[in-house]
Amino acid sequence: MGDQLTRRRFLGRAAVTGLGLSGMGALLAACGGTAPAASSAASSKASGGSKVTLQFLTLNGTPEQPMYQGLLNEFMKQNPNIEVKMVNVAGGAIGIQQKLLVMLAGGTPPDVFWTHTYITPGLASISAVMPLDDLIAKSSYDTGAFLKPAYDDFHVNGHQYALPRETTAFVMWYNKDLLTAAGAPLPQPGWTWEDLIASAHKVQSSQNYGITNMTDDIYMQLVKTWQNGGDILNTARTKYTMDQKPGVDAATFIQDLIWKEKIHPTPDTAKNVDFFGQGKAAFQPLFTVFETVKDAKFSWDIAPLPTDGKKVTRVASAGHSICSKTQHPAEAWALLQFLESTHAFDVYVQNGVSMPSRTSVFNEAMAHPGGKIVLPKSVSVIQDAFGYGRPEPIAGNWVAVHQAVDSACLNVWGPQQEPASQALSAVASNVDKLISEKP
């Protein structure tokens, strides 16, 4: 397993088995069974009048396409006056956004589309996505049925722009065999970064690393900044703040893991190499999608991220939205509700979505994993993480923000070892511009 499923590529893949933008996990193949009927309002709306055609924009690939086609066939059978045509694109969330903009410009917008937290605020800023607040209120839709962090991922400037399909949280993966062989304790409740560093030193050798993956994009830079009491943007999301002390301390901490403690590979060494999956790293912070270790030859588990301060982690989600330019909002809402039904979630789980965002289905998947889902022994760690996790403060061109800050961080973590305050301040004006951009 030499090729690592990094968060970058996870978000750029065909789907999100927990979520996606520099990456999305593989999902879905059609599943049989009887689906519940659409809501009474939706059914009555669809029962008369001329036939309505909807377009559903989503990701391509197998099993994504056949799975969604199976669900759409069920929906159309229940609603014979609604035809749904599926439009599939590659490229993850960015591919969806680009295709959506092209369809809008061409006057043929989709009615419902797959979305991700990384693109929702930008699409909302240009009024490309419909606020769901009125539809939710008028139909008394139970938004409490979803994991709160996943639902909140799509709440932007006081409005709800999507319903979540799946989500992920960052946790610490650990190799029990490496730690035990080195005489290092396994993570305990309330453990700290000092505890991790001490255990990592015991494992570190010419063959093994104490910890890896801290330099994959800015995910752990962001979480460590949160733990330090800071953030990447101010509360209004109008000003870059990663160059303040909490962010500087976070970048310096990761730099020290590499060059002072010498328990983490350099960014160049770690790039595209799955040291943890190969059994050559004791610890790895990563999102809660575990397919990369389904065939692991070693014993592994997960723990909450260690902390010396605030207990927090990062969550990100994928879901479904309605395009603001739909000519058939009632039918689009009926389709959206169907795709967010318990039945649809059961199908998602059967086809590999390991972190479904509907709470009842999530709890069932954690208690009785099966099919294509790979879970650790300590599933309670995942459940707890969605209680204290938080989304990124996404604004503007968020992909470019990640790239800019990541580039600065790599100057800190790489062989040049640039002072963190200098590197992070150097991108401030650029990031301030990027967060004001629109798609």
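Checked against (1) crowded, with 21+ Cβ neighbours inside 10 Å; (2) assigned by TED's automatic domain parsing to the domain that holds Gln221, Thr117 meets all criteria but (2). The set of residues in segment 144-182 being within 20 Å of the chain's Cα centre (by Cα), farther than 23 Å from Asp111 by Cβ and buried (at least 21 other Cβ atoms within 10 Å of the Cβ) consists of Leu147, Pro149, Thr167, Thr168, Ala169, Phe170, Val171, Met172, Trp173. Of the candidates Ala296, Ala316, Ala344, the single residue that is at pLDDT below 95 and either within 22 Å of Asp153 (Cα to Cα) or among the charged types (D, E, K, R) (or both) is Ala316. Please indicate, with yes or no, whether at least one residue in segment 193-205 is over 18 Å from Ile382 (Cα atoms) and in a strand (DSSP E or B). No, there is no match, as no residue in segment 193-205 is over 18 Å from Ile382 (Cα atoms) and in a strand (DSSP E or B).
Among the residues of segment 341-360, those that are in contact with a Ser or Thr (Cβ under 9 Å, 6 or more places away or on another chain) and surrounded by 20 or more Cβ atoms within 10 Å (Cβ to Cβ) comprise Phe345, Gly352, Val353, Ser354, Met355, Pro356, Ser357, Arg358.
Being modelled with pLDDT of 95 or more, assigned to a loop (DSSP other than H, G, I, E, B) and within 15 Å of Pro285 (Cα to Cα) is the filter here; which residues of segment 214-264 pass it? Matches in segment 214-264: Met214, Thr215, Ile218, Ile263, His264.
Only residues that are among the small types (Gly, Ala, Ser) and at pLDDT 90 or above were counted in segment 32-81, giving 1.
Listed by position, the helices (runs of 4 or more DSSP H) enclosed by segment 343-430 that each have at least 3 residues that are farther than 14 Å from Tyr240 by Cβ and not assigned by TED's automatic domain parsing to the domain that holds Pro306 are 359-367, 379-388, 398-413. Residue count for segment 281-306 under the criterion of being touching a helix residue (DSSP H, G or I) at 6+ places or on another chain (Cβ under 8 Å), part of a loop (DSSP other than H, G, I, E, B) and not aliphatic (A, V, I, L, M): the result is 5.
Of all residue pairs spaced 6 or more apart or on separate chains, those with beta-carbon atoms under 9 Å, a first member in segment 235-249 that is in contact (Cβ under 8 Å) with a residue 40 or more places away in the chain and a second member that is assigned to a loop (DSSP other than H, G, I, E, B) and of a type in the set (Asp, Glu) are Met242/Asp231; Gly247/Asp231. For segment 191-200, indicate whether the set of residues that are touching a strand residue (DSSP E or B) at 6+ places or on another chain (Cβ under 6 Å), among the small types (Gly, Ala, Ser), surrounded by 20 or more Cβ atoms within 10 Å (Cβ to Cβ) and closer than 30 Å to Thr115 by Cα is non-empty. No, because not a single residue in segment 191-200 is touching a strand residue (DSSP E or B) at 6+ places or on another chain (Cβ under 6 Å), among the small types (Gly, Ala, Ser), surrounded by 20 or more Cβ atoms within 10 Å (Cβ to Cβ) and closer than 30 Å to Thr115 by Cα. Checking the structure you have, find out if any residue of segment 120-143 is closer than 13 Å to Pro391 by Cα and either crowded, with 17+ Cβ neighbours inside 10 Å or under 21 Å from the mean Cα position of the chain (by Cα) (or both). Yes - at least one qualifying residue is present in segment 120-143. Residues that are of a type in the set (Ser, Thr, Tyr) and within 16 Å of Gly387 (Cα to Cα) were ranked within segment 308-332; the one that is surrounded by the most Cβ atoms within 10 Å (Cβ to Cβ) is Ser317. Apart from one condition, Val223 fits all of (1) surrounded by fewer than 19 Cβ atoms within 10 Å (Cβ to Cβ); (2) within 23 Å of Asn175 (Cβ to Cβ); the exception is (1).
The values are calculated or read from the model by the stated rules, or taken from the named source; none is laboratory data. In this text, all values refer to a predicted model and were calculated from it rather than measured experimentally. Reconstructed Cβ throughout: ideal geometry from the backbone, glycine too, with neighbour counts over all protein chains shown.
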